[in-house]
Amino acid sequence: MYPFIFKPILKEVIWGGTDIRPFKGLPSSSEPVGESWELSHVEGYVSVVANGSLEGLTLDGLIDMYGARLTGEKVMQRFGRTFPLLIKFIDARDDLSVQVHPGDRLAWERHRSFGKTEMWYVVKAAPGAALYSGFRRPVTAGEYERMVGEGSLMEALQRYEVRAGNVFFLPAGRIHAIGAGCFVAEIQQTSNITYRIYDYDRRDADGNRRELHTDLAKAAIDYTFYPDCRTAYTPRPDETVPLVTCDYFTTRLLDISRPAVRDLAALDSFVAYICTEGQLTLCDEQRNELTVHRGQTVLIPASTQSITLSPTPAAKLLETFCNRTE
C-alpha cells in the first residue's frame, strides 16, 4: 500500500460559497459549493482513490482488499468494515442551519447509524464571521420548546467571532451552527444524521422550506451549560500541538517549515493528514512519495510505520487518527 488521496465529493448547496474550488486548486465555477467531502464512507458518498496503481478503487474496495492493514486492528474490531471518520471542508457564504446530532445510542435506536461527534478547525474567516456552539445560559427542554415556538432560539445560543486557527470540539448533543463567512475543516464520525432546528425561514430553488426536526432534536440535545465551548491551544511552529482527543479521534496540528519524521508504528490506526496551508512532500518508509498541496487530504494506511513530511517551504496540517480503546 501507499498514501492515498481521493477525488473530492463536491456538494452544491444553497448556502455554499465559491472558495472551495480555488482553495483546492480545482477549475473555478460560479456554482456555489458548500462542502468538499475529502474522505467519506457515508452510503451514497463513498470516496474514490485518485492516485497511484489503485486509482478508481473505492474506499469500500480498499477495505475489502486490505482490511485491518488499512484501518488498524483495533479500529476494525470496533467499527467493523466501516471507515469511522468523515473529513470535509465547509465554505459558508450564508448562515448554516442551527442543528444538533444524536449520540451513538440514540442514533442507533432511531437510524441504525453511528452518532456524530465532530470538531471544527477554522481555515479562514471573513471579518465578523462567527460560529455558534452551545447555549449562552442554562436552558431546559421546556424552554427549548418555547423558544422554538416563538422563533427566539438564536438569542439563547453562544456566538463566537472567529479567526483562522480557532478550534471547536462538538460532542454529539451540542447545539451549533456555522455562520456566514466561515471556511472550516471538519472531522467527524461517519454519520449523516443531522437534526435541523432552525433554518432562517429560507426556501430552496423550488420555493420550499427545508424540513425541520425540532421534536427529534429535543431528546438529542445536551442541555448542560458550558461557559466557553472553544478549544484552547498554544501554536508552536515545528512542534506537534494537540488539539482534540475524544472517544473517536485524536487531532493534532503540525505547522512545519522543516522536515518532520512521524513515527506511526504504535498507533494501530490509519492516519489522515489534512493540508490547510502550503505544500509538502510526503514519503513513507517504503519510499512511496507523494506531493501534497493546500486543500488535499491524505490517508496513510495503518500498516505504515513512519513517514517524513518535507514542506516546500512551509505547510500547515491537521493530523488525525482513531484512538485505541482497550
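General observations
- Total residues in the stretch 20-51, condition touching a strand residue (DSSP E or B) at 6+ places or on another chain (Cβ under 7 Å), of a type in the set (Asp, Glu) and surrounded by fewer than 18 Cβ atoms within 10 Å (Cβ to Cβ): 1
- One residue alone among 137, 159, 163, 105 is part of a helix (DSSP H, G or I) and open to solvent by 40 Å² or more (accessible area, probe 1.4 Å), and that residue is 105.
- The set of residues in the stretch 198-208 that are open to solvent by less than 90 Å² (accessible area, probe 1.4 Å) and closer than 15 Å to residue 177 by Cβ comprises 198, 199, 200, 202.
- Considering only residues in the stretch 108-120 that are aromatic (Phe, Trp, Tyr) and open to solvent by 10 Å² or more (accessible area, probe 1.4 Å), the one that is nearest to residue 179 (Cα to Cα) turns out to be 114.
- Subset of the stretch 166-185 (residues that are assigned to a loop (DSSP other than H, G, I, E, B) and closer than 18 Å to residue 195 by Cβ): 171, 172, 173, 174, 175
- Residue count, the stretch 3-60 (criterion: in a strand (DSSP E or B), under 25 Å from residue 209 (Cβ atoms) and of a type in the set (Asp, Glu)): 2
- Entirely in the stretch 209-326, the strands (runs of 3 or more DSSP E) that have 1 or more residues that are free of Cβ contacts under 8 Å to residues at least 40 places away in the same chain, open to solvent by 10 Å² or more (accessible area, probe 1.4 Å) and in contact with an Asp or Glu (Cβ under 6 Å, 6 or more places away or on another chain): 271-284
- Within the stretch 57-72, the set of residues being within 14 Å of residue 2 (Cα to Cα), of a type in the set (A, V, I, L, M) and open to solvent by 10 Å² or more (accessible area, probe 1.4 Å) comprises 57, 65.
- Tally, over the stretch 85-102, of residues that are over 17 Å from residue 169 (Cα atoms) and not in a strand (DSSP E or B): 5
- Test: residue in the stretch 102-123 that is free of Cβ contacts under 8 Å to residues at least 40 places away in the same chain and hydrophobic (A, V, I, L, M, F, W, C): yes
- The stretch 83-97 - residue that is within 17 Å of residue 192 (Cα to Cα) and at pLDDT below 95 and, of those, surrounded by the fewest Cβ atoms within 10 Å (Cβ to Cβ): 97
- Qualifying residue in the stretch 91-99 (condition: in contact with a strand residue (DSSP E or B) (Cβ under 6 Å, 6 or more places away or on another chain) and under 19 Å from residue 276 (Cβ atoms)): yes
The values are calculated or read from the model by the stated rules, or taken from the named source; none is laboratory data. Here the structure is a predicted model, which means the values were calculated and not measured. Reconstructed Cβ throughout: ideal geometry from the backbone, glycine too, with neighbour counts over all protein chains shown. Just the protein is used for accessible areas: all its heavy atoms, side chains included, with ligands, DNA and RNA removed. Shrake-Rupley method; radii C 1.70, N 1.55, O 1.52, S 1.80 Å.
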